[in-house]
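The values are calculated or read from the model by the stated rules, or taken from the named source; none is laboratory data. All figures in this text were calculated on a predicted structure; none of them were measured in a lab. Cβ placement follows ideal geometry from the backbone for every residue including glycine, while neighbour counts extend to all protein chains displayed.
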Amino acid sequence: MRLRLTATQCAKARPGAKYKWDNDGNGLYLRVRATGGKTWIIRRKVAGKTTITTLGEYSNTLGLQEARERVGSRKAGAQTFADLADKYLAEVVEPKHRRPEIPRGYLDRVMPEVGKKQVRDITRADLVAVIQNYKKRGVRAADSLRSTLREMFAFGLELVWIDHNPLADVCRRVTGDEPVHRTRVLTDDELRLLWAEPSPSAAMLRFLLLTGLRISEAQKGHQDGDRWIVPAAISKNKKPHWVHLTAQAKAQLPLPATTPTNVQGWTRRWCERKEITPAFTPARLPTHRRDSGCRTTGSAPTRCSRSSWSACLTTPSKA
């Protein structure tokens, strides 16, 4: 009869030349990396396929007894919505999503409603009710939640945790969201108002207009003399680049420590105060990434590359 692991064996487990798997039974393994790191793993065969689930790193708070208890709650077919969400975020979202905190936020907010339900028992009606209840945060947010849940349950189907995706045929009609083509640009009068606004958020918007940067690139990049450096890690195309800083752009520095959501909220409130309709958001500023032209004083709109953006956008004329 094979003996199960002991707490002492787990604490003293040492690496080999390759990954070392110490079996505790019931599908629970302590995987020891060649570097010495230890991870709790569940290996099971479901419908003829081997599935591997990461429970977490071996630690004082996730020792042998805690790992066994978690295995007991994750028997085949007993995975919960929270289990699937954890695995989806760790293996699908975190490695590839540019802003993983966004889908994580959606899932965290609906966890009280469905987090403890077993995924095999969750119906389309359950998820549609959750999505429609989320509309109180806005139809666009509800539709983003719908997309996130549909992808997450598609992942659950691939894991053989469920037999079908309950949201496979659910479209944006359940949220009422309608795609809006971003044709809105700022008028010269609106730009003059923005240039006169003393708020730190307005400085952020002016910096975006003067550089053609995205909010995340402005927040997480850094200045190097006359250049604004955008590392590959925060660039949309995963390539490092830089943007020239004019004197006007430098005058907006240092940028406020804020989030894109806060800047968008401030912009919306500012539009209401100034009675600007239709309102605009930072995502709709006339930047190169939207294939917009950039305006120079007294001239027609021209196309410009991001590197020359700040050279051809100046303070709007008073004419």
Gln248, sole failed condition from (1) part of a loop (DSSP other than H, G, I, E, B); (2) at pLDDT 50 or above; (3) closer than 13 Å to Phe207 by Cα; (4) not small (Gly, Ala, Ser): (1)
Every pair of residues 6+ apart whose Cβ atoms lie under 9 Å, when the first sits in region 198-211 and is over 12 Å from Leu253 (Cα atoms) while the second is assigned to a helix (DSSP H, G or I) and among the acidic types (Asp, Glu): Thr211/Glu217
Where a residue in region 227-245 is at positive phi and surrounded by fewer than 16 Cβ atoms within 10 Å (Cβ to Cβ) and its partner, wherever it lies, is of a type in the set (Gly, Ala, Ser) and part of a helix (DSSP H, G or I), with Cβ under 9 Å and at least six apart: Lys238/Ala232
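Among the residues of region 251-269, write down those that are assigned to a helix (DSSP H, G or I), buried (at least 17 other Cβ atoms within 10 Å of the Cβ) and at pLDDT 90 or above.
Listed by number, the list is empty, since nothing qualifies.
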Enumeration of residues in region 84-119 that are more than 20 Å from Glu57 (Cβ to Cβ) and charged (D, E, K, R): Lys96, Arg98, Arg99, Glu101, Asp108, Arg109, Glu113, Lys116, Lys117
Criterion (over 23 Å from the mean Cα position of the chain (by Cα), of a type in the set (D, E, K, R), surrounded by 12 or more Cβ atoms within 10 Å (Cβ to Cβ) and assigned to a helix (DSSP H, G or I)) met by exactly one of Arg109, Arg31, Arg68: Arg68
Residues being touching a helix residue (DSSP H, G or I) at 6+ places or on another chain (Cβ under 6 Å) and either touching a residue at least 60 places away in the same chain (Cβ under 8 Å) or surrounded by fewer than 15 Cβ atoms within 10 Å (Cβ to Cβ) (or both) - total across region 116-152: 2
Flag for Lys274 being basic (Lys, Arg) and surrounded by 11 or more Cβ atoms within 10 Å (Cβ to Cβ): yes
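The rows are residues; the columns are (1) touching a helix residue (DSSP H, G or I) at 6+ places or on another chain (Cβ under 9 Å); (2) at positive phi; (3) in contact (Cβ under 8 Å) with a residue 40 or more places away in the chain; (4) aliphatic (A, V, I, L, M).
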| residue | (1), (2), (3), (4) |
| --- | --- |
| Ala7 | yes, no, yes, yes |
| Lys12 | no, no, no, no |
| Gly16 | no, no, no, no |
| Tyr29 | no, no, no, no |
| Val32 | no, no, no, yes |
| Gly37 | no, no, no, no |
| Arg44 | no, no, no, no |
| Gly56 | yes, yes, no, no |
| Gly63 | yes, no, yes, no |
Test result for Arg43, surrounded by 12 or more Cβ atoms within 10 Å (Cβ to Cβ) and farther than 30 Å from Asp163 by Cα: no
